[in-house]
Structure formats: C-alpha cells, structure tokens
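Encoded as structure tokens, the structure appears first; notes follow it.
A short reminder: the numbers here are calculations on the coordinates, not readings from a lab. If you're wondering where the values come from, they're calculated on a predicted model, not measured in any experiment. Because the Cβ atoms are built from the backbone with ideal geometry, glycine has one as well, and the counts that use them run over all protein chains shown.
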Amino acid sequence: MTDTRLAGPGDIDELVRLREIMLAPWVDMSDPAWKAPTAEILKRRLFADEPTMCAIVIDAPDGSGRLAACAVGVISERLPGPHNLTGRYGWVFNVVTDAEWRRRGYSRACMDALMAWFAECGVDVVELLASEQGQGLYEQIGFKVSSEPAMRWRG
C-alpha cells in the first residue's frame, strides 16, 4: 500500500512544480507568471477553515523532500436536482506523477484517497477531464464518459 497524505503548507511549491509537469506537454510554460497566483489559490483554498479544495500527495521515496505524485480536487455547489439532492459536485484536476516515479500506482492511490475525501464531504457526483494517459485509470475507478457535450467559453 502506498502512503498518501493531505498536502501541508510546505507542499505548495511542489504542487506547483507537479502542475507544471502535467501541463507542459500541452501548454507553453516559458512564462512563470502563473506560478505565484497558483500558489496563492492553493494556500487559500487548501487551508481554509472549511476547505473546499483537497490535495492528496505522495512523498518521493528517495528522501529528497519532493513529491512523487498528487491529485487535487475541489467542491462546488450548484442547484440540486433529481440526481444530486445536495447540489455538491466534485471536480478532479492536477492528477500527476513525476516521470521518475511513474508506473508504481501513485496516481491510483492519490485518486482513491481523493475520492474518499469527496465521499466524506457528502459529494455524490465527481467530474473530470481525462487525458488519454489517464482515461484507463479513471474508468477503473468507475468514471464513465458522459453523454453530455462539454463546451467552453473563453473571454
């Protein structure tokens, strides 16, 4: 069993580093201007009196003080409906394992712990966008491709 834990204040820089690793294949990461606001949001949301964000992490086993993997999720509240009486929804993002530590079950362990956190918080519906690399893992956990068309607007 891989030991997961909730991220602490000392993990913020590592969470930002892992986010950069995750985004790098798709996004030009040459401008570091996104890092400071990312760290600020993590600090504010993860350590609030009633947090609506959770980061599950695994420490790198080499003792370097770095993180090997993480999974981050947030809770949003929408209007309830017949299939979600609480209106609480989970959104998973930033599931990443550093290349050195891949293929060890770390993302799965982080996701299992994150899903347990959602359940403890009374969240019955959890959504995510899956990369090709992650889709199999998410399907094993029980996620299904939605028939609802996803759309996005950028202002």
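Restricting to segment 36-57, what's the tally of residues that are farther than 14 Å from Asp13 by Cα and either of a type in the set (Ser, Thr, Tyr) or touching a strand residue (DSSP E or B) at 6+ places or on another chain (Cβ under 7 Å) (or both)?
Residues flagged as farther than 14 Å from Asp13 by Cα and either of a type in the set (Ser, Thr, Tyr) or touching a strand residue (DSSP E or B) at 6+ places or on another chain (Cβ under 7 Å) (or both) within segment 36-57 amount to 5.
Report, by residue number, each residue of segment 117-145 that is hydrophobic (A, V, I, L, M, F, W, C) and surrounded by fewer than 13 Cβ atoms within 10 Å (Cβ to Cβ).
Once the filter is applied, which keeps residues that are hydrophobic (A, V, I, L, M, F, W, C) and surrounded by fewer than 13 Cβ atoms within 10 Å (Cβ to Cβ), segment 117-145 yields Ala119, Leu129, Val145.
Could you figure out which of (1) out of contact with any His (no Cβ under 9 Å at 6 or more places or on another chain); (2) over 16 Å from Met22 (Cα atoms); (3) touching a residue at least 24 places away in the same chain (Cβ under 8 Å) isn't true of Arg108?
Only one criterion in (1) out of contact with any His (no Cβ under 9 Å at 6 or more places or on another chain); (2) over 16 Å from Met22 (Cα atoms); (3) touching a residue at least 24 places away in the same chain (Cβ under 8 Å) is unmet by Arg108, namely (2).
For segment 66-128, please list each of the strands (runs of 3 or more DSSP E) lying entirely inside it that holds at least 2 residues being closer than 17 Å to Leu46 by Cα. Can you show your working first?
On the way: elements: 67-77, 88-97, 125-128.
Those strands (runs of 3 or more DSSP E) span 67-77, 88-97.
Among the numbered criteria (1) under 15 Å from Val95 (Cβ atoms); (2) among the charged types (D, E, K, R); (3) free of Cβ contacts under 8 Å to residues at least 24 places away in the same chain; (4) touching a helix residue (DSSP H, G or I) at 6+ places or on another chain (Cβ under 7 Å), which one does Glu20 miss?
Status for Glu20: all satisfied but (4).
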